[in-house]
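Visitor: For reference, the structure I am asking about is given below.
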Amino acid sequence: EDQVTQSPEALRLQEGESSSLNCSYTVSGLRGLFWYRQDPGKGPEFLFTLYSAGEEKEKERLKATLTKKESFLHITAPKPEDSATYLCAVHATDSWGKLQFGAGTQVVVTP
Amino acid sequence: NAGVTQTPKFQVLKTGQSMTLQCAQDMNHEYMSWYRQDPGMGLRLIHYSVGAGITDQGEVPNGYNVSRSTTEDFPLRLLSAAPSQTSVYFCASSWGPTDTQYFGPGTRLTVL
């Protein structure tokens, strides 16, 4: 059965304190892995799509990487506005049309 | 370009009542989907559609109906609301089933 697990569940950072979020997945084959950011009371906002092991994508202070079993979202020198819940989702080859989400990591960045 | 819009933003129902959550997109996307989000469980797929007239079930379809008569609209119907359907509902759309999905702002539903 396909599974997506995110860790940690919650992360509290000081402004400027870099860290990484983990998304591990168990699927028969990977079509794509997606990272979203969700602010309280709002819908998920798309960040990145990764398709193959070794791929990396960057946007401002965020960098996403992908291996055959997991993905990392690195937050470099975070600011308070980076506080949000970060969601990972996987599209598996045996689940055409069905995106499977992890439970998310809630990140709080304090000044 | 409004993207994905959802109405209403909040709704309170009594057990047994019916209602329709509205979702519309103006990006000419073929694929549309409905998710529910519950604390600690992440987003779970309810139903999806790969084009007008075509729908299919997701992970948690029981208690929900959908239809897709136009490319733009994908309403979600609760025929007889139950307290277990208290949740936040999100609609999403994308060009195709495996492409990046863009989400609406959500509807917070409470069933008493």
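Values quoted throughout were computed directly from the atomic coordinates according to the rules given, and no laboratory measurement underlies them. Just so we're clear, the structure is a prediction, and the values are computed from it rather than from any experiment. Ideal geometry is used to build each Cβ from the backbone, glycine not excepted, and the neighbour counts take in all protein chains shown.
Visitor: Would you mind counting up the charge near residue A:98? Only other residues with Cβ under 15 Å from its Cβ, with Lys and Arg at +1 and Asp and Glu at -1. Display every interim value, and only then the final one.
Guide: Numbers: positive: A:31, B:36, B:44; negative: A:1, A:2, A:94, B:56, B:59, B:99.
Taking every other residue near residue A:98 into account, the sum is -3.
Visitor: Now, a different point. What span do the alpha-carbon atoms of region B:1-63 cover on each of the three principal axes, reported in whole Å from largest to smallest?
Guide: Result for region B:1-63: principal-axis Cα extents of 35, 26, 24 Å.
Visitor: Which whole-number percent gives the relative contact order of chain B, counting Cα pairs below 8 Å spaced six or more residues apart? Could the numbers behind the result be given before it?
Guide: On the way: 297 pairs, mean separation 40.2, N = 112.
That works out to 36 percent.
Visitor: Same structure, new question: Mind checking the mean number of beta-carbon atoms from other chains within 10 Å of the Cβ atoms in B:41-52?
Guide: Average neighbour count from other chains, rounded to a whole number: 3.
Visitor: May I ask you to derive the FRET efficiency for residue A:96 and residue A:18 from their Cβ-Cβ distance with R0 = 41 Å, giving the value to the nearest 0.05?
Guide: Numbers: r = 37 Å, r/R0 = 0.91.
That gives a FRET efficiency of 0.65.
Visitor: If I model a spin label as a point 7 Å beyond the Cα along the Cα-Cβ vector, how far apart are those points for residue A:58 and residue A:77 in nm?
Guide: Those two pseudo-labels are separated by 1.2 nm.
Visitor: Sort A:34-41, A:97-104 by the packing proxy (mean of other Cβ within 10 Å over each peptide's residues), most packed first.
Guide: Working: A:34-41: 17.4, A:97-104: 21.5.
The packing order, highest mean first, is A:97-104, A:34-41.
Visitor: Could I ask something else about it? When you look at the Cβ of every residue in A:39-45, what mean number of other chain Cβ atoms sits within 10 Å?
Guide: Working: counts 0, 0, 5, 5, 15, 10, 2.
The mean count of partner-chain Cβ atoms within 10 Å per residue comes to 5.
Visitor: May I ask for the net charge around residue B:25, where only other residues with Cβ less than 11 Å from the Cβ of residue B:25 are counted and Lys, Arg are +1 while Asp, Glu are -1?
Guide: Working: positive: none; negative: B:26, B:30, B:72, B:73.
Spelling it out: positives minus negatives among the neighbours equals -4.
Visitor: Cut-off is 10 Å between beta-carbons; in what order do B:29, B:47, A:74 appear when sorted fewest neighbours first? Display every interim value, and only then the final one.
Guide: Values: B:29 20, B:47 23, A:74 15.
Ascending number of Cβ neighbours within 10 Å: A:74, B:29, B:47.
Visitor: So, by mean Cβ neighbours within 10 angstrom, what's the order for B:74-80, B:2-8 with the highest one leading?
Guide: On the way: B:74-80: 17.6, B:2-8: 14.9.
By packing density, highest mean first, the sequence is B:74-80, B:2-8.
Visitor: Mind grabbing the base-10 log of I(q)/I(0) for the protein assembly as shown at q = 0.09 Å⁻¹? Debye formula, identical points on the C-alpha positions, no solvent, two decimal places.
Guide: Results for the protein assembly as shown at q = 0.09 Å⁻¹ read -0.36.
Visitor: Counting partner chain Cβ atoms within 10 Å of every residue's Cβ in A:100-107, what's the average? Don't jump to the answer; show the numbers that get you there.
Guide: On the way: counts 6, 7, 2, 6, 5, 0, 0, 0.
Per residue, the average neighbour count from other chains is 3.
Visitor: Here is a follow-up. Show me B:101-110, B:33-42, A:23-32 ranked by packing, highest mean number of other Cβ atoms within 10 Å first.
Guide: Working: B:101-110: 20.1, B:33-42: 18.6, A:23-32: 16.7.
Averaged packing, sorted descending, gives the order B:101-110, B:33-42, A:23-32.
Visitor: Please report, in whole Å, how far the alpha carbons of region A:24-101 spread along each principal axis, starting with the longest.
Guide: Principal extents (Cα only, largest first): 39, 29, 16 Å.
Visitor: Projected area of chain B, taken from the Cα convex hull and averaged over every viewing direction, in nm²? Provide the component values of the computation, followed by the final result.
Guide: Numbers: hull surface 25.4 nm².
Its Cα hull, projected and averaged over all orientations, spans 6.3 nm².
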